[in-house]
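The values are calculated or read from the model by the stated rules, or taken from the named source; none is laboratory data. All values derive from a computational prediction rather than experimental measurement. No Cβ is skipped: glycine too gets one built from the backbone with ideal geometry, and neighbour counts run over all protein chains shown.
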Amino acid sequence: MWSDSIVGFGMYHYKYASGREGDWFIAGFSPRKQNLTLYIMAGFDQYDELLQRLGKHKTGSLVCISSNLPTSIL
């Protein structure tokens, strides 16, 4: 658990040019009231291909993918 509502898998260490750094997960999910949110770190080979196959979704600035119907991603 990475917070009270996010389940994360793996570990990713990041460091910004400003010197700020921290740890985050590689992939995770959070069941929200209105949708299921997936968190996926960008940068792997099949990233764009998998997003195209995902179905109806919207993405955020932190590679956050929200789907209104969890069954749409199965």
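Farther than 22 Å from Ser3 by Cα and modelled with pLDDT of 80 or more: is that true of Gly43 in this structure? Before the answer, list the steps.
Values: farther than 22 Å from Ser3 by Cα: yes; modelled with pLDDT of 80 or more: no.
It is false that Gly43 is farther than 22 Å from Ser3 by Cα and modelled with pLDDT of 80 or more.
Which of the strands (runs of 3 or more DSSP E) contained wholly in the stretch 1-45 include at least 2 residues that are surrounded by 11 or more Cβ atoms within 10 Å (Cβ to Cβ)? Can you show your working first?
On the way: elements: 7-9, 12-15, 21-24, 27-31, 36-40.
Ranges flagged: 7-9, 27-31, 36-40.
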* Does any residue in the stretch 45-74 that is over 15 Å from Ala27 (Cα atoms) come within less than 9 Å, Cβ to Cβ, of a residue that is at pLDDT below 60 and in a loop (DSSP other than H, G, I, E, B) six or more places away or on a different chain, and which pairs are these? -> Gly55/Leu69; Lys56/Leu69
